[in-house]
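I have placed the structure first, in the form of structure tokens, so that the comments after it can refer back to it.
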Amino acid sequence: MPKLDLKELGVRGVNSALHGIPNGANEPDWLITNPMGQHAIACGLDAPIEVTINGHVGFYCGGMNQQAGITIHGHAGVGIAENMMSGQVRVMGSASDSAGATAHGGLLVIEGDASSRCGISMKGVDIVVGGSVGHMSGFMAQSGHLVVCGDASDALGDSIYEAIMFVRGKVASLGADCVEKEMRPEHLAKLAELLNAANIDADPGNFRRYGSARTLYNFDIDNADAY
Amino acid sequence: MRCWRDASILGMHAGGMTMCGIVGLYLKDPTLQASLGELFAPMLIEMTDRGPDSAGFAIYRDPVSEHQTKFTLASDDPDTDWKALDTDLARALICQARLDIQGDHAVLVTDADAFAAQAWLAESRPRIRVVGSGRSIEIFKQTGLPKDVVEQFKLTSAHGSHAIGHTRMATESAVTTAGSHPFATGLDLCLVHNGSLSNHNHLRRKLERDGIVFQTENDTEVAAGFMTLNLRRGLSLHAALEAGLVELDGFYTFCVGTANGFAVVRDPFGCKHAVLAETGEWVAMATEYRAIAHLPGADTARIWEPEPHKIYTWGSA
């Protein structure tokens with residue numbers, strides 16, 4: 001497996017090397033060593049390659065990812081896989097806030113906990129968190145799925161649009177316009193598919209579903225005085 | 001109706017890229033104490049991108065005896081102010097006094113009554129600022145790049161049990177040494193801050209009525225003054241920090257250095273970044289993990305983001 005030493009090449013050197021890999025290249029597996037918590041590692045990839053990062057990463061790792069699989073053997077800083085379009089990002093440790101922010105597609109797996117605002121403004125990504133999520137997770141989430149195997153902190157799904165959230169543990173409180181919804185067979189099937197894709201062993205039957213009550217879509221005449 | 005737009009949401013998290021860096025290192029393993037500066041200086045320098053305007057640090061070392069007080073002093077005119085300061089003080093208060101000059105800062109150790117010594121300083125060396133006092137704390141801060149501040153105060157070769165530091169990107173008040181962090185909040189206590197407070201003018205007026213004196217227009221000095229007043233009134237550090245969570249409006253991560261450790265607290269929304277790392281040998285906090293990455297054993301350390309509205313303490317803080 002070709003190795004890219006970030007200490008030697010710098011973030012720009014590592015990212016340029018990954019961006020330069022032609023589609024269908026012979027070396028689909030790459031290893032990044034010494035990430036040293038630097039920001040924007042493995043951003044903007046657009047090739048079906050597998051990238052393993054040995055160590056903890058800083059902010060925005062795997063941002064804008066397309067096609068690539070990125071596995072982080074460590075902790076991820078703010079905004080992991082933000083704006084991902086496709087592919088898969090897996091964090092074997094925990095993640096700081098705004099994980100998967102605004103991401104349009106692909107799968108983000110966080111084996112540990114995710115901090116606040118996980119899945120903020122998500123637009124189609126699937127996020128599976130093995131542990132718990134911090135406050136205001138799923139804030140203004142538009143589409144995609146957020147699966148939380150642990151607990152969710154305050155204001156889950158505040159001002160949520162059409163994203164679907166599954167939580168196994170306790171929910172400290174729901175945000176504005178977020179409600180618990182019935183778990184129908186199609187939801188159980190989708191959840192089983194997501195857990196399977198994330199390689200996380202959990203019984204879909206133990207989860208509850210949350211989503212939008214859809215009361216914020218239209219103007220409420222009772223609020224006329226506020227304008 | 002929804003009032004927010006994506007741009008403002010993203011501005012909220014991307015905005016965190018600027019405005020100050022804070023770092024703290026507490027050594028659990030006493031054999032590392034000789035190399036505290038060597039471990040800590042790169043933490044401060046790594047946060048240069050977040051705060052290139054000024055830098056400062058508090059280091060805890062060489063505790064003086066119970067009958068003595070250690071003051072860290074700063075002066076804009078060190079040539080005049082440091083001259084014969086120790087002998088003048090010794091003669092005036094009939095006490096022992098020792099002055100260790102480090103550029104425009106100096107560490108004064110005296111067995112005079114702490115209040116009397118401070119009153120004498122205010123009277124006979126009015127331009128001097130007392131930047132820290134206690135038994136083991138020493139505070140050094142200066143405008144300029146963190147690497148220059150590290151060099152000026154010989155941080156790399158410093159020993160000690162723990163240290164906290166700050167790199168400042170000035171947003172709320174002028175770039176001056178006095179407006180640099182850390183701010184002293186009491187004996188052996190000091191505070192560094194990442195973020196900004198929105199009710200500091202109102203709180204400053206309130207605290208001034210309670211007898212707290214401010215040297216700057218800086219918002220963090222108000223947080224420090226708030227802590228000072230509450231500790232003076234007998235609240236524990238934990239209780240004073242809890243009171244701060246109620247009274248201080250704004251976004252912040254605070255790191256508070258204490259005689260035996262440090263405490264970390266974030267505002268209820270957790271707006272400003274913070275990460276904690278712990279091994280059997282040390283505990284470190286930083287605004288970004290990259291400031292911790294070089295520490296021995298960081299690769300396998302337990303790493304997590306501190307929860308908002310929760311007070312974390314190490315040592316007997």
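In chain B, the ratio of gyration radius to Kirkwood radius, Rg to Rh, stands at 0.97 when only Cα atoms are counted.
Backbone geometry of region B:101-109 corresponds, through the Karplus equation with coefficients 6.51, -1.76 and 1.60 at θ = phi - 60°, to 3J(HN,Hα) couplings of 7, 10, x, 8, 10, 8, 9, 10, 10 Hz, x marking Gly and Pro. Accessible surface calculations at 1.4 Å, restricted to protein heavy atoms, place the protein assembly as shown at 40 Å² per residue.
When the helices of chain B are scored as -39500 (n - 2.57) per DSSP H run of n ≥ 4 and the total is divided over every residue, the value at 222 nm lands at -8000 deg cm²/dmol. Computed on chain A, the Cα convex hull volume stands at 125 Å³ per residue. Annotation note: trypsin sites (Lys or Arg not before Pro) in region B:226-317 located in DSSP loop regions with a Cβ neighbour count of at most 13 within 10 Å are B:Arg233, B:Lys310. In a simple Cβ point-charge model (Lys, Arg +1; Asp, Glu -1; nothing else charged), region A:3-226 has a dipole of about 240 debye relative to its Cα centre. Across region A:47-52, coupling constants 3J(HN,Hα) worked out from phi with the 6.51/-1.76/1.60 Karplus curve, θ = phi - 60°, read 7, x, 10, 10, 10, 10 Hz, and Gly and Pro carry x. Take each residue in A:36-44, count the other chain C-beta atoms within 10 Å of its C-beta, and the mean is 3.
For B:Val131, nonlocal amide neighbours, meaning residues 5 or more places apart or on other chains whose placed amide H falls under 5 Å from its own, are B:Thr72, B:Leu73, B:Ala74. Of interest is the spacing of the C-alpha centroids, which for region B:61-130 and region B:247-294 amounts to 32 Å. What part of the accessible area of region A:3-226, given as a whole %, is carbon or sulfur when the probe is 1.4 angstrom? With neighbouring chains kept in place, the figure for region A:3-226 is 47 percent.
Solvent-accessible area lost on pairing B with A (1.4 Å probe, both sides summed) amounts to about 2700 Å².
A DSSP coil position with no more than 14 other Cβ atoms inside 10 Å describes the following GluC sites (Glu not before Pro) in region A:129-215: A:Glu162, A:Glu182. For A:Lys3, a cut-off of 15 angstrom between C-alpha atoms picks up these aspartates and glutamates, skipping any fewer than 8 places away in its own chain: A:Glu27, A:Asp29, A:Glu50.
Give the ranking of A:Asp222, B:Asp88, B:Asp148 by solvent-accessible surface, highest area first, calculated with a 1.4 Å probe.
Numbers: A:Asp222 125, B:Asp88 45, B:Asp148 70 Å².
Order by accessible area, largest first: A:Asp222, B:Asp148, B:Asp88.
Interface burial in region A:129-149, defined as at least 10 Å² less accessible area with all protein chains than with the chain alone at a 1.4 Å probe, covers A:His135, A:Met136, A:Phe139, A:Met140.
Seen against the Cα atoms of chain A and their longest principal axis, helix A:185-198 is set at about 20 degrees. Per residue of A:107-118, other chain Cβ atoms within 10 Å of the residue Cβ number 2 on average. The value of relative contact order for region A:1-160, using C-alpha pairs under 8 Å at least six residues apart, is 12 percent. Pairs B:Lys141/B:Lys206; B:Lys272/B:Lys310; A:Lys7/B:Lys147; A:Lys181/B:Lys272: which are spaced more than 23 Å apart, C-alpha to C-alpha? The pairs that break the limit, which is 23 Å between Cα atoms, are B:Lys141/B:Lys206; A:Lys181/B:Lys272. The charge dipole of the protein assembly as shown, taken about its Cα centre with unit charges on the Cβ atoms of Lys, Arg (+1), Asp and Glu (-1) only, comes to about 260 debye.
Distances between placed amide hydrogens fall under 5 Å for B:Cys271 paired with B:Tyr252, all partners being 5 or more residues away or on another chain. The mean number of partner chain beta-carbon atoms within 10 angstrom of a residue's beta-carbon across peptide B:297-309 is 5. Under 5 Å from the amide H of B:Gly144 lie the amide H atoms of B:Ser54, B:Ala55, each residue being 5 or more positions distant or on a separate chain, with H modelled from the backbone and absent for Pro and chain starts. Any idea how far the Cα center of region B:152-196 sits from the one of region A:45-79, in Å? Comparing the Cα centres of region B:152-196 and region A:45-79, I get a distance of 34 Å. Each of B:Met43, B:Asn201, B:His273 was scored by the projection of its Cα onto the charge dipole of chain B, and the greatest displacement toward the positive side belongs to B:Asn201; charges sit on the C-beta of Lys, Arg, Asp and Glu. Relative to the longest principal axis of the Cα atoms of chain A, helix A:6-19 runs at roughly 70 degrees. Normalised by the number of residues in chain B, what is the relative contact order in percent for Cα pairs under 8 Å and 6+ residues apart? For chain B, the relative contact order is 23 percent.
Couplings for region A:84-89, taken from phi via the Karplus curve 6.51 cos²θ - 1.76 cosθ + 1.60 with θ = phi - 60°, read 4, 9, 7, x, 9, 10 Hz in order; Gly and Pro are left as x.
When the expected Rg is taken as 2.2 N^0.38 Å, what fraction or multiple of it is the alpha-carbon Rg of the protein assembly as shown? Intermediate values should be presented prior to the final figure.
Details: Rg = 25.6 Å, N = 544, 2.2 N^0.38 = 24.1 Å.
Scaled against compact globular proteins, the figure is 1.06.
The values are calculated or read from the model by the stated rules, or taken from the named source; none is laboratory data. All figures in this text were calculated on a predicted structure; none of them were measured in a lab. FYI the Cβ positions are ideal-geometry reconstructions off the backbone, even for glycines, and counts take in every protein chain you see. With ligands, DNA and RNA removed, areas are computed over all heavy atoms of the protein, side chains included. Shrake-Rupley method; radii C 1.70, N 1.55, O 1.52, S 1.80 Å.
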